[in-house]
1. Calculate how large, on average over all directions, the projected area of the Cα convex hull of segment 19-99 is; give the answer in nm² to one decimal.
2. How much net charge surrounds Asp91 when only the other residues with a Cβ under 10 Å from the Cβ of Asp91 are counted, with Lys and Arg +1 and Asp and Glu -1?
3. So how strong a dipole does segment 19-99 carry about its Cα centre when Lys and Arg Cβ are +1 and Asp and Glu Cβ are -1, to the nearest 20 debye?
4. May I ask which residue of Ile72, Asn94, Ile26 lies farthest towards the positive end of the charge dipole of segment 19-99, with charges of +1 (Lys, Arg) and -1 (Asp, Glu) on Cβ and the Cα centre as origin?
5. Please give the FRET efficiency for Arg32 paired with Leu104, using the beta carbon to beta carbon distance and R0 = 25 Å, rounded to the nearest 0.05.
6. Please work out how much length the chain gains when fully extended from Thr55 to Leu85, using 0.36 nm per residue of separation minus the C-alpha to C-alpha distance, in nm with one decimal.
7. Which of the GluC sites (Glu not before Pro) across segment 20-85 are loop residues per DSSP, with 16 or fewer other Cβ within 10 Å?
Amino acid sequence: MDDSTEGLEGMLAKSLEGKYVLRLYISGKTPRSEHAVVNIKKLCETYLKGRHELTVVDLYQVPEEATDQQIIVTPTLIKSLPPPLRRLIGDLSNRNRVLLALDLEPEEQ
């Protein structure tokens, strides 16, 4: 590996440091799917503001993603960064369960 490649990898690693990369897989505009989208967006806004990347993938629009990511139930949330990789299934309405899976603690209120 040359110096320019190592430099790019180092810059990428630093830009992702502390950043959460999340993908939410849904199946169409069902109430359960829409509830999951609203729930994860609220959590990201509250606990990860400015340090997350959230992508919502509708498996009706891109069905090959289900096979590629081995999604058999929706909604499914995958946290790929920071490690470890985590998968959550459901509408994400149990905030404490989601926060625990994302290695976050609730704010004191």
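1. Taking a quarter of the hull surface, the average projection is 4.9 nm².
2. 0
3. Result for segment 19-99 is approximately 480 debye, rounded to the nearest 20.
4. Asn94
5. 0.60
6. Length gained, Thr55 through Leu85: 9.2 nm.
7. For GluC sites (Glu not before Pro) across segment 20-85 that sit outside H, G, I, E and B with at most 16 neighbouring Cβ atoms in 10 Å, the list is empty.
Each reported figure results from applying straightforward, stated rules to the coordinates on display, with no laboratory input. Just so you know, these numbers come straight off a predicted model, no measurement behind them. Because the Cβ atoms are built from the backbone with ideal geometry, glycine has one as well, and the counts that use them run over all protein chains shown.
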